[in-house]
1. Do you know which residues across the stretch 72-97 are touching a strand residue (DSSP E or B) at 6+ places or on another chain (Cβ under 6 Å) and of a type in the set (A, V, I, L, M)?
2. Which of the residues belonging to the stretch 107-147 are out of contact with any helix residue (DSSP H, G or I) (no Cβ under 9 Å at 6 or more places or on another chain), closer than 15 Å to Arg32 by Cα and assigned to a loop (DSSP other than H, G, I, E, B)?
3. Which of the residues belonging to the stretch 39-83 are β-branched (Val, Ile, Thr) and open to solvent by 50 Å² or more (accessible area, probe 1.4 Å)?
4. Restricting the search to the stretch 43-63, which residues are modelled with pLDDT under 95 and not in a loop (DSSP other than H, G, I, E, B)?
5. Being over 18 Å from Thr50 (Cα atoms) and under 18 Å from the mean Cα position of the chain (by Cα) is the filter here, so list the residues in the stretch 66-103 that pass it.
6. Take Arg93 and decide whether it is open to solvent by 60 Å² or more (accessible area, probe 1.4 Å), touching a Leu at 6+ places or on another chain (Cβ under 9 Å) and assigned to a strand (DSSP E or B).
7. Got a number for residues in the stretch 53-65 being free of Cβ contacts under 8 Å to residues at least 60 places away in the same chain and under 18 Å from the mean Cα position of the chain (by Cα)?
8. Regarding Gly117, is this residue modelled with pLDDT of 95 or more, small (Gly, Ala, Ser) and open to solvent by less than 70 Å² (accessible area, probe 1.4 Å)?
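The values are calculated or read from the model by the stated rules, or taken from the named source; none is laboratory data. What you see is a predicted model; the values in this text were computed from it and never measured. Backbone-built Cβ (ideal geometry, glycine too); neighbour counts: all protein chains shown. The protein model used for the area step is the full one, side chains on, heavy atoms only, and it has no ligands, DNA or RNA in it. Shrake-Rupley method; radii C 1.70, N 1.55, O 1.52, S 1.80 Å.
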Amino acid sequence: MSKVLLAAATAGLVALTSTPRYQLRVVDETGRTRWSAPVSSATTVTLAYTNSIYGALTEERFAVTPDGFALADVRSTSEAVLAYNGLSAPYRRDGAFLVAAASAHLREIVLRVGQTGRPRLRVGTTDLPLYQAGEGTRLVITVAPSP
């Protein structure tokens, strides 16, 4: 193997092994882990649901951080959802969605499964059907270093 190829292969291996790995956990109010998934700082986490007030599909997109989540944007099929959440216009269009930039850091995401929202969590390419925890269930989503 040439020195150039060996250096490139080594650099690629270092990049893969140096990417911090974390575990995303979804825990209910009893402390039971309902779902978990491996994540890294490159993983996008999307909380998708139907807004209970406006009946509109809504997505909150987060980046994983070492101590939680960074909210990147909120997308909805209704401008009213974005305005209700205090997100400033103008919004950009992405297919059926209007997208508002957002900026917030959360150590955890807390939600209660509602009657109509059917929340789902998309972790990279994996879908977690949070609504299956049952109506009224309180869920806490956290990120922690992998063991």
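1. Of everything in the stretch 72-97, those that are touching a strand residue (DSSP E or B) at 6+ places or on another chain (Cβ under 6 Å) and of a type in the set (A, V, I, L, M) turn out to be Ala72, Val74, Val81, Leu82, Leu87.
2. Selection gives Gly134 alone.
3. Thr44, Ile53, Thr77
4. Across the stretch 43-63, there are no qualifying residues.
5. Pro66, Asp67, Gly68, Phe69, Ala70, Leu71, Ala72, Ala101, Ala102, Ser103
6. Considered against the rule, which asks whether it is open to solvent by 60 Å² or more (accessible area, probe 1.4 Å), touching a Leu at 6+ places or on another chain (Cβ under 9 Å) and assigned to a strand (DSSP E or B), Arg93 comes out as no.
7. Here the count works out to 7.
8. no
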